[in-house]
Every structure is written in structure tokens, then in C-alpha cells.
1. Given the chain reduced to its alpha-carbon atoms as identical point scatterers, what log10 I(q)/I(0) does the Debye formula return at q = 0.11, 0.21, 0.24 Å⁻¹?
2. Considering only Ala43, Val54, Thr26, whose Cα is most displaced toward the positive end of the charge dipole of segment 1-70, charges sitting on Cβ of Lys, Arg (+1) and Asp, Glu (-1)?
3. Say each of Phe96 and Phe48 gets a label point 7 Å from the Cα, pointing the same way as Cα to Cβ; how far apart are those two points in nm?
4. Using a 10 angstrom cutoff on alpha carbons, build the Gaussian network for the chain and name the most mobile of Gly44, Gly31, Gly21.
5. For the Cα atoms of the chain, what angle does the longest principal axis make with the long axis of helix 8-19, in degrees from 0 to 90, nearest 10?
6. Residue separation times 0.36 nm, minus the C-alpha to C-alpha distance between Arg58 and Thr89: what's the value?
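Throughout, read-outs are computed from the coordinates displayed, never taken from laboratory work. As the structure is a computational prediction, the values presented were derived from the model and not from experiment. Using ideal geometry, Cβ is built from the backbone for each residue, glycine included, and neighbour counts are taken over all protein chains shown.
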Amino acid sequence: KPLVLDGRDAILKFMHDALGGTDIVTFHFAGQPEINVDGDTAAGTWAFEDTVIVQSVRLVIKGAAYYEERYERSADDGWRIARIQYRRTFEMTHSFDDLPSMRLTTG
């Protein structure tokens, strides 16, 4: 079921609750934007790749997707994201236990 968050406060609360501890290490990289502007609206697509490591259950999640965004421009605030969602292209998981030589180090 898709996750729906409405507004900045809801997004920040979700991120804090889901990733605020020391149990999860995550990295998301987005690039290669394609943005089409039509007056005061625009649509963008961004490729991204992510890695999530959940230490308490010894799990690594790796995947990729495309963010699909809509933007709106106002005289007061400039450009703002009006909507964001993503289409997952793949996701894989594996256990630390499947990789006996794996060691997690953080800087």
C-alpha cells in the first residue's frame, strides 16, 4: 500500500520515526533529472538508487526507482514541489548471515 504523507511536518515526523535511531544506516543518491517546464508548472523525473542497512535484523535492502515530481511556481514562494512519488524498478534484500565475511564499518 502506498505511503501518503501530507505536508512538511508529516514528512519530518515519518523520517524521524523511521530513521532517527542508530539502528538504520541509509544512503539515497538521485541524479539525471529530466524537467519539463510549462509556464508556472513543471514535471520532473529523477533516477535514484538506495541502500538501507538495518543492523538489528542483519538486513541489507538495495534498490532503484524513478521519482516523479510535479512543481508549481508562485510569486511569493518561487518553485515548490507540489507532489512527489516514485516507481520502484527493483529491490533486493539479503541477510548479513548470507555474507559471512561482511563487516559494517562507519566513519
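1. Evaluating at q = 0.11, 0.21, 0.24 Å⁻¹ gives log10 I(q)/I(0) of -0.48, -1.25, -1.39.
2. Most positive-ward Cα: Val54.
3. Those two pseudo-labels are separated by 2.6 nm.
4. Gly21
5. 10 degrees
6. Numbers: separation 31, 0.36 × 31 = 11.16 nm, distance 2.37 nm.
My answer for the length gained is 8.8 nm.
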